[in-house]
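*Asks:* The structure that follows is given in the form of structure tokens.
Taken together, the values in this text are just the output of simple stated rules run on the coordinates, not laboratory data. The shown structure was predicted, so the numbers you read here are calculated from the model rather than taken from an experiment. Cβ placement follows ideal geometry from the backbone for every residue including glycine, while neighbour counts extend to all protein chains displayed.
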Amino acid sequence: MKRDSEVVLNVEGLRMRYGTNDVLRDVTFQVHRGEVVTLLGPNGAGKTTTIEILEGFRMRSAGRVDVLGTDPAHGDEHWRARLGVVLQSWRDHPKWRVRELLAHQGFYYACHSTERIRRPWDTDDLIELVGLSDHSGKQLRMLSGGQRRRLDVAIGLVGRPEVLFLDEPTAGFDPQARHDFHTLVRDLASAGETTIMLTTHDLPEAEKLADRILILNGGRIVADGTAEQLAEQIVGEDEVRWTVHGERHQRSTPDSTGFVFDLFKRHGEAVSNLEIRASSLENTYLSLVHSAESDREEAVR
């Protein structure tokens, strides 16, 4: 966590209303420079709406939003040049070739270069970074879905952004591509200059990448912390499996250490094939979302 660094995203009392329906209600959080923050939540929770407001693509109904010292509703082209955006889907003319498109995109960032930030990436370096070197001369229509998604990531990175927004970035990635992308995110974050905020439905991905996890449900932030801190909010149960005298057993318990101690006290060396599966982020997430939904239903009553 990088809580001692500069605040680059500050959201206070964010509200988004469509007609009489509040999609976002009093959403409040901060993100510090160099953090990787994951926004989790069920479909319709308001994740994409939140990201689009931070990017300046959507106007909010109420609340205060500050990204890199600027209200996104009034951000100019110099401010936008400091952001990178990877949308859920992106469409370009199918006859563009990979290298040509990235060089063209990079042209627009060149005039925003500063002594501190060199823009844009060298095109070939960026293509190699996202694993498209063997496809740099291909037209977009010839790319597979996973290759197309890698190109989307490259477009988001082309201006060397200070803040990078990733909306479901690994959708369509095969396992190797997902692994390579995770390495890329960690490398960007470890340099300390790029702040990353991403949405995902992949809980192991969130646990692997995020310094902090925000859980959004019912238009509100219902949890904010590391995966370990969130797990502490719920009394989760570990799953213990073992064999005694050839018979397989299984038990869920909130105290696996104490349970295993008692198990060996009772059966000693007869215990074999012992497995302990700790309570996962998935269990924590489901518990927090269910709890928030129950509270909301109770309030309606």
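*Asks:* What does the extension gain come out to for F259 and D122, with contour length at 0.36 nm per residue minus their alpha carbon separation? The partial results should precede the final answer.
*Replies:* Details: separation 137, 0.36 × 137 = 49.32 nm, distance 5.70 nm.
Contour length minus Cα-Cα distance gives 43.6 nm.
*Asks:* Now, a different point. Can you give the % of DSSP beta bridges in region 7-231 that are antiparallel, to the nearest 5?
*Replies:* Working: 20 of 37 bridges.
Of the beta bridges lying entirely in region 7-231, close to 55 percent run antiparallel.
*Asks:* Explain nothing, just the number: dipole magnitude of region 53-162 about its Cα centre with +1 on each Lys and Arg Cβ and -1 on each Asp and Glu Cβ, in debye rounded to the nearest 20.
*Replies:* Numbers: 18 positive and 15 negative charges, 83 e Å.
Taking the Cα centre of region 53-162 as origin, the dipole is about 400 debye.
*Asks:* Order of 134-144, 260-270, 62-72 by packing, highest average Cβ count within 10 Å first?
*Replies:* On the way: 134-144: 14.2, 260-270: 11.9, 62-72: 16.6.
Ranking, from highest mean packing down: 62-72, 134-144, 260-270.
*Asks:* Most exposed first by the Cβ proxy, i.e. fewest other Cβ within 10 Å, how do I155, I213 rank?
*Replies:* I155, I213
*Asks:* Could I ask something else about it? No solvent, one uniform scatterer per C-alpha: report log10 I(q)/I(0) for region 44-134 via the Debye equation at q = 0.22, 0.23, 0.24 1/Å, two decimals.
*Replies:* Reported log10 I(q)/I(0), two decimals: -1.19, -1.22, -1.25.
*Asks:* Rounded to a whole number, what is D in µm²/s for the chain from Stokes-Einstein with the Kirkwood radius over alpha-carbon pairs (37 °C, 0.692 mPa s)? Don't skip to the end; give the middle numbers.
*Replies:* On the way: Rh = 21.5 Å.
This corresponds to a translational diffusion coefficient of 153 µm²/s.
*Asks:* Between C111 and V271, what length in nm is gained on full extension when 0.36 nm per residue of separation is reduced by their alpha carbon distance?
*Replies:* Values: separation 160, 0.36 × 160 = 57.60 nm, distance 6.86 nm.
Working it through step by step, the gained length comes to 50.7 nm.
*Asks:* Please rank V36, V8, V271, fewest neighbouring Cβ atoms within 10 Å first, as an exposure proxy.
*Replies:* Working: V36 26, V8 20, V271 16.
Going from least to most buried by this count: V271, V8, V36.
*Asks:* Related question: Let me check against my output: what whole-number percent is the relative contact order of the chain, with C-alpha pairs under 8 Å and at least 6 apart?
*Replies:* Relative CO of the chain lands at 20 percent.
*Asks:* A further question follows. Measuring from the lowest to the highest alpha carbon on each principal axis, how far does region 135-263 reach, largest first, in angstroms?
*Replies:* That works out to 63, 37, 32 Å along the principal axes.
*Asks:* Next up: In the chain, what is the count of Lys pairs whose alpha carbons are under 24 Å apart, counting only pairs at least 8 residues apart or on separate chains? Working shown, then result.
*Replies:* On the way: K2/K47; K2/K208; K47/K208; K95/K138.
Final tally of qualifying lysine pairs is 4.
*Asks:* Taking amide hydrogens as modeled 1.01 Å from N in the peptide plane, which residues meet the under 5 Å criterion relative to H32, leaving out close sequence neighbours?
*Replies:* V8
*Asks:* For the Cα atoms of the chain, what angle does the longest principal axis make with the long axis of helix 256-267, in degrees from 0 to 90, nearest 10?
*Replies:* So the inclination is approximately 30 degrees.
*Asks:* For region 56-203, what is the largest minus smallest coordinate of the Cα atoms on each principal axis, given in angstrom and ordered from greatest to least?
*Replies:* Cα extents, longest axis first: 44, 38, 31 Å.
*Asks:* Got a sec? Charge dipole of region 117-165, +1 on Cβ for Lys and Arg, -1 for Asp and Glu; which of A154, L132, M142 is way out at the positive end?
*Replies:* M142
*Asks:* Within 10 Å of each candidate Cβ there may be at most 14 other Cβ atoms; applying that plus a DSSP loop requirement, which GluC sites (Glu not before Pro) in region 84-181 survive? Working shown, then result.
*Replies:* Values: sites: E100, E115, E128, E162; in loops: E115, E162.
Passing both the DSSP loop test and the Cβ count: E115.
*Asks:* If the only charges are +1 at each Lys and Arg Cβ and -1 at each Asp and Glu Cβ, what is the size of the charge dipole of the chain around the Cα centre, to the nearest 20 debye?
*Replies:* Numbers: 38 positive and 48 negative charges, 173 e Å.
Once rounded to the nearest 20, the dipole reads 820 debye.
*Asks:* Please report W242, W96 as a ranked list, fewest other C-beta atoms within 10 angstrom at the top and most at the bottom. Write out the running numbers ahead of the final one.
*Replies:* On the way: W242 21, W96 16.
Going from least to most buried by this count: W96, W242.
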